[in-house]
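What follows is a short report on a single structure.
The values are calculated or read from the model by the stated rules, or taken from the named source; none is laboratory data. Every value quoted in this text rests on a predicted model; they were computed, and no experiment measured them. Quick note on the areas: whole protein, heavy atoms, side chains included, nothing else; ligands and nucleic acids left out. Shrake-Rupley method; radii C 1.70, N 1.55, O 1.52, S 1.80 Å.
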Amino acid sequence: MIRLDGGNPTLRDGLAIAWSRVGRIFGYAVVAATVGLLLRALEERVGWVGQLVIRLVGVAWTVATFLVVPVLVTRDVGPVGAVKESASLLRATWGENLIGTVGLGLAFVAAYVVVFIVSGGLLLLAIKRGCRS
């Protein structure tokens, strides 16, 4: 937000903002941990169909809470309100988020492929030179 307002944010600024909202962030951490524990406990007690359903609920929870921390930092809401607003923002901007996430994922996959190919080529070159000696 500092950058959007034309400022030059520092690490200290980020830590100060997070510390000023540490109660809300901790509250969300408690909510998220509780949901995670409940989902895990339910998953262990149900059959494979139930496990599939619980996993889908877990994915939905993960998606819905994708923007919780930015909402907690920039808005005056509590943990539950932040989850609701995160889900609302995600519904409004899901295409942009999906494209951004997939785009970054593809960029990293491409980078890993290049590194793998170059490393493999260098390894083969080293092996060939080692066999000649």
Item to check | Read-out percent of Cα pairs over 24 Å apart, derived from the coordinates shown; its label in (1) 19; (2) 57; (3) 42 | outcome: (2)
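Quick check for you: with a 1.4 Å probe and neighbouring chains kept, what is the accessible area per residue of region 1-101, in Å²?
Working: 7270 Å² over 101 residues.
Computed with neighbouring chains in place, this is 72 Å² per residue.
For the chain, what is the mean residue ellipticity at 222 nm derived from helices alone (per DSSP H run of n ≥ 4: -39500 (n - 2.57); sum divided by total residues; nearest 500 deg cm²/dmol)?
Result for the chain: -29500 deg cm²/dmol, rounded to the nearest 500.
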Checklist outcome for this item: With a 1.4 angstrom probe the carbon and sulfur portion of accessible area for the chain, in percent, totals 72
Next on the checklist: Rounding to the nearest 10 and keeping the result within 0 to 90°, find how far the Cα-based axis of helix 22-45 lies from the longest principal axis of the chain.
Outcome noted: 70
Checklist outcome for this item: Descending accessible area (1.4 Å probe), largest on the left, turns 28, 112 into 112, 28
Checklist entry - For region 2-65, what is the Kirkwood hydrodynamic radius in Å, using each pair of distinct C-alpha atoms? => result 14.4
Next on the checklist: Can you give me the angle between helix 48-64 and the longest principal axis of the chain, using Cα atoms only, in degrees from 0 to 90, rounded to the nearest 10?
Outcome noted: 80
